[in-house]
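Asks: Structure incoming, see below.
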Amino acid sequence: MTTIGNDHFPTGFLWGVATAAFQIEGAWKEDGKGPRLWDIFSHKPGKIRDGSNADIACDHYHRWQSDLDLLQWLGVNAYRFSVSWPRVLPDGKGKPNQAGLDFYSRLVDGLLARGITPMVTLWHADHPQTLEARGGWANRDTIHAFAEYASLVFETFADRVKHWITLNEPNCFLYQGLGTGNIAPGISDWKICYQSIHNILVAHAAAVQCFRQSNQPGEIGITMSVDLWEPATLDPADIAAARYADIQNNWWLLDPLFLGHYSEAFYKNLGELAPRIESGDFELMSIPCDFLGVNYYWKNIVKAGSQNLGQAAKGEYTATGGSVYPNGLVEVLQNIYQRYGRQVIYITENGLYEQDTPPIDGLCDDPNRVQFLKDHTQALAEAIRQGIDLRGYFVWSLMDNFEWSEGYIPRLGLYYTDYTTFQRIPKRSALWYRDFLFRHSKP
Ligand code: BGC
């Protein structure tokens, strides 16, 4: 146990930052990488708010060494990143791309050499276009391809990587990609959406099974975005809408993993949109994981008739998105415990959307983000005090990056990315986190 002020954190707690391959790497067709669904989507006119794409993004593919130095400077003991599936298996399955594997191998070695623990996500909304063209997650063949990809990654890296995340936020990415259709692949078909969600959860389980069969030491889990969904008023219609959104966004995907079945009432309610379930799916889906990764950003305020997945009421100090509510972090963890009992939890993402003002004299002033981090690290300590088995916290994100269909407009990094020079300039929040971690590492 280490202590900062009155706050106590377990020994070995992972303090980190998180990124995702598509959002930072760039090099979209270098060294044998195949196209991904987002490469295609972001090149279509009108799909990205500022008309940009992530062909270069933060150019991390070429600047990874100095980015690892930033991590070291911050003093984090962990880094969560994702492997881009089409970089290591350009066609989704079959022949691996050695150059892609080598890139991640150097990254992992670079982290370990700096004393930083890697936590690796296998799918952060980043799969090969070849698979997308054959139906993507709606096609059950993608489940087998994912298991093949997962096995390749485990074989190559599990000697050095001990913390694995199968999927990042299948709830957000599939509801928006296949339901509302505002992000890649840009399909709006709720039947396809619910079938794809079902299949991706089976794929998660298949990857966990591959990991167990590999007999490698380490832990594996899944990351879901778990937010609060609250009614705007006490009007029964608002209350019912909030309850629906809560089940749809949070529990619909987690119930089969922890309880071995979908929420029955919700399933019935879906009618024709309900997914086709094959025999054995639930047994596989509920294969035990070692932890649950939770991405927590905000509280969503739900008004009957106006709830739109992924969008929420504007908060006090957010530029985009929902209502910032630090204590909600404790509440969502308590909600998870109430529904599924005690679980090991990592906060795999937490961060603030802003449109930070450009840096002056080498420093970007982001007082709201500093306050955000202070409040949320206190919420972590409170959750631990309340008995939650919390093992780590990852700030989203190391540096400003490509924010999906919002392009480069929102900035969520601890470092300000200058997209012309690709310089990473510290924000005051980076200094705050560094100081916090320094105080934390003192005996
Ligand atoms: C995603 C990240 C994203 C972040 C901020 C999460 O939904 O995992 O990729 O950038 O939220 O929106």
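Asks: Report, for the chain, the % of DSSP beta bridges that are antiparallel, rounded to 5. Don't jump to the answer; show the numbers that get you there.
Replies: On the way: 10 of 50 bridges.
Among the beta bridges of the chain, antiparallel pairing accounts for roughly 20 percent.
Asks: I've got another one for you. Any idea how many Lys pairs in segment 2-440 come in under 16 angstrom at the alpha carbon, given 8 or more places apart or on separate chains? Could you put the intermediate results ahead of the total?
Replies: Details: 33/93; 33/95; 191/268; 299/314; 303/314; 374/427.
Here the count comes out as 6.
Asks: In a GNM of the chain with a 10 Å cut-off on Cα contacts, which of 167, 71, 270 has the highest mean-square fluctuation?
Replies: Fluctuation is largest for 270.
Asks: Could you list the square roots of 5 times each eigenvalue of the Cα gyration tensor of segment 31-85, that is, the equivalent ellipsoid semi-axes, sorted largest first and rounded to whole Å?
Replies: Values: eigenvalues 151, 38, 22 Å².
The equivalent ellipsoid of segment 31-85 has semi-axes of 27, 14, 11 Å.
Asks: What is the P(r) of segment 69-150, as percent of Cα-Cα pairs per 10 Å bin from 0?
Replies: All Cα pairs, binned at 10 Å, distribute as 18, 42, 25, 13, 2 percent.
Asks: Rounding to the nearest 20 debye, state how big the charge dipole of the chain is about its Cα centre with +1 on each Lys and Arg Cβ and -1 on each Asp and Glu Cβ. Don't skip to the end; give the middle numbers.
Replies: Details: 38 positive and 50 negative charges, 75 e Å.
The dipole magnitude comes to about 360 debye.
Asks: Under a point spin-label approximation (7 Å from Cα along Cα-to-Cβ), what is the residue 428-residue 335 distance to one decimal in nm?
Replies: 3.2 nm
Asks: Taking 0.36 nm per intervening residue step and subtracting the Cα-Cα distance, what contour gain separates residue 273 from residue 112 on full extension? All intermediate terms of the calculation are to be shown ahead of the outcome.
Replies: Details: separation 161, 0.36 × 161 = 57.96 nm, distance 4.61 nm.
Here the segment from residue 273 to residue 112 would lengthen by 53.3 nm.
Asks: For the chain, calculate the relative contact order in percent as a whole number, restricting contacts to Cα pairs under 8 Å that are 6 or more residues apart. Can you show the working numbers first?
Replies: On the way: 904 pairs, mean separation 81.0, N = 443.
Relative contact order of the chain: 18 percent.
Asks: Across the chain, where is the longest run that never hits GluC sites (Glu not before Pro) in a DSSP loop with at most 12 other C-beta atoms within 10 Å?
Replies: Values: sites that count: 278, 316.
The reported range is 1-277.
Asks: Please give the net charge around residue 239, taking every other residue with its beta carbon less than 14 angstrom from that of residue 239, where Lys and Arg add +1 and Asp and Glu add -1.
Replies: Values: positive: 243, 303; negative: 230, 235, 238, 246.
So the surrounding residues net to -2.
Asks: For residue 62 paired with residue 418, estimate the spin-label separation in nm (one decimal), with each label point 7 Å from Cα along the Cα-to-Cβ line.
Replies: Between residue 62 and residue 418, the simple spin-label model gives 1.6 nm.
Asks: What number in nm² do you get for segment 147-253 if you take the convex hull of its Cα atoms and divide its surface by four? Provide the component values of the computation, followed by the final result.
Replies: Values: hull surface 31.8 nm².
Spelled out: convex hull of the Cα atoms, projected over all directions, averaged, 7.9 nm².
Asks: Between residue 235 and residue 91, what FRET efficiency comes out of the Förster formula 1/(1 + (r/R0)^6) with R0 = 56 Å and r the beta carbon distance, rounded to 0.05? Write down the numbers at each step before the final one.
Replies: Numbers: r = 52 Å, r/R0 = 0.92.
Once the sixth-power term is evaluated, E becomes 0.60.
Asks: Treating only the Cα positions of the chain as identical point scatterers, give the base-10 log of I(q)/I(0) from the Debye formula at each q in 0.06, 0.08 Å⁻¹.
Replies: Calculated log10 I(q)/I(0) at the listed q: -0.22, -0.41.
Asks: If the chain between residue 261 and residue 219 were fully stretched, how many nm would it gain, using 0.36 nm times the residue separation less the Cα-Cα distance?
Replies: Values: separation 42, 0.36 × 42 = 15.12 nm, distance 2.37 nm.
In short, 12.8 nm is gained.
Asks: Give me a comma-separated list of calculated 3J(HN,Hα) values for segment 351-365, in order, Karplus coefficients 6.51, -1.76, 1.60 applied at θ = phi - 60°, integers in Hz, x for any Gly or Pro.
Replies: Those phi angles translate into x, 10, 6, 8, 10, 3, 6, x, x, 10, 6, x, 9, 9, 8 Hz.
Asks: Give me the extension gain from residue 303 to residue 133: residue separation times 0.36 nm, minus the current Cα-Cα distance, reported in nm with one decimal.
Replies: Details: separation 170, 0.36 × 170 = 61.20 nm, distance 3.64 nm.
Net length gain for the segment: 57.6 nm.
Asks: I've got another one for you. Please state the relative contact order of segment 46-170 as a whole percent: Cα pairs under 8 Å, 6+ residues apart? Please list the in-between numbers first.
Replies: On the way: 127 pairs, mean separation 35.8, N = 125.
Normalised by residue count, the contact order of segment 46-170 is 29 percent.
Asks: May I pose another question? Based solely on its DSSP helices, what 222 nm [θ] is calculated for the chain when runs of n ≥ 4 H residues each add -39,500 (n - 2.57) and the sum is averaged over all residues, nearest 500 deg cm²/dmol?
Replies: Working: 16 runs with 174 residues, N = 443.
Calculated from helices alone, the mean residue ellipticity at 222 nm is -12000 deg cm²/dmol.
Every number in this text was worked out from the coordinates using simple rules, so none of it is lab data. Quick caveat, the model's predicted, so the values are computed rather than measured. We place every Cβ from the backbone using ideal geometry, glycine too, and count neighbours over all the protein chains shown.
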